[in-house]
Structure formats: C-alpha cells, structure tokens
Amino acid sequence: MHIKTTLSKSTAVKLSLWLFFQNKGLYLYLLACAVITAYALYRDNYGLLMVAWIPYLFYVGLGIYSAFRHAGPRGADSEAVEYVVGEKGLVVQSAGQKKHFDWQEFGGWKRLAGTYVLFHRDGFMLAIPQADIPAGQTIPLETTLRRYIQP
C-alpha cells in the first residue's frame, strides 16, 4: 500500500498538543499542586500557592508554545512523504531519501488527532494523516499495524 502525504501545520500542532497533554509528568505535577494548595489553604499560607502554581503554569505555557513553534512553517513548502506499507516493514521516502523500518522497530501505534502515529523504539514518531490514506485502505492499514506492531 502506498500513502502519499504532507503533514499540515494544523495537524502537527494538534498532534503535538495531544501528545503533550498525555504526558504523565504533567498530571503528577498537577497532583503535587493540588496537595500544596490544600496545605496552603489549611494553613492560610497563600504564598505556597505561587510556589506551586507559577512553575506549573510556566510548564504548561512552555509546552503549548513548543507545540506551535516546533510544528514549523508548513503549507505549500511542506515536504511530501511517501509511505510504503508492506509485510516486511515500512518504507519512508522523502526528498530523494529512502529509509526502511522493520515492524519490530516500532513499539506501538495510536490514532491521534486525525493521524496514525507509529512510535519507534528509538524515541521518534512517524505520523500518517488519516485523510491521505487511499479510499478503502484504512481497514487494511489498521489490520497490518495490529498484526505487526506489538505494544
């Protein structure tokens, strides 16, 4: 199966934000803020609220800023990518370069923000927008991903 695509800036931002807000550290910090808030209110020490919440809000703001900044200028100048999905793996072709990935190199996949996101074991991700998958190929793609990528 051949999938030709370009990742739009809006899709890249949505995907980045979605992944940022799935970060477990964000919610652990939120839990710590809740505990500190309860303690501060119990002790009438409102200065602790600033100690807890200002870094948290800075962290969230920085995450949102990074999502927009690292999505980069996309649009007409966005680079086209072709994915070739087969039984032995995935081939990614872009700007005259070609890279083959065995299915064992991926640690999982998800459908997020209108894309199929494949998580490589080395820490990077490949995103395939659902809108660019040829008609009638969505179910075969999902079947292939389920068969070969073990989370």
*asked:* Can you give me the long-range amide H partners of Leu112? Hydrogens built in the peptide plane at 1.01 Å from N, cutoff under 5 Å, separation of 5 or more residues or another chain.
replied: Val117
_Apply the a/c threshold of 1.5 to the C-alpha gyration tensor of the range 38-107 and tell me whether it is rounded, prolate or oblate._
oblate
*Give the relative contact order (percent, whole number) for the range 9-71; include only Cα pairs under 8 Å separated by 6+ residues.*
49
*When only Cα pairs under 8 Å and 6 or more residues apart are kept, what is the percent relative contact order across the chain?*
27
*Members of Lys9/Lys88; Lys9/Lys99; Lys9/Lys98; Lys4/Lys24; Lys24/Lys98 lying beyond 27 Å, as alpha-carbon distances in this model show*: Lys9/Lys88; Lys4/Lys24; Lys24/Lys98
*With only Lys, Arg, Asp and Glu charged, each at its Cβ (+1 for the first two, -1 for the last two), find how big the charge dipole of the range 1-125 is about the Cα centre; round to the nearest 20 debye.*
140
_Just to be sure I understand, if you calculate Rg and Dmax of the Cα atoms in Å for this structure, which of [x] 26.9, 84; [y] 20.1, 64; [z] 15.3, 54 do you get?_
[y]
*asked:* Helix-only estimate, please: 222 nm mean residue ellipticity of the chain, summing -39500 (n - 2.57) across DSSP H runs of length 4 or more and dividing by its residues, to the nearest 500.
replied: -15000 deg cm²/dmol
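Throughout, read-outs are computed from the coordinates displayed, never taken from laboratory work. Please read all numbers here as calculations on a predicted model, not as lab measurements. So basically every Cβ, Gly included, is an ideal-geometry build from the backbone, and we count neighbours across all protein chains shown.
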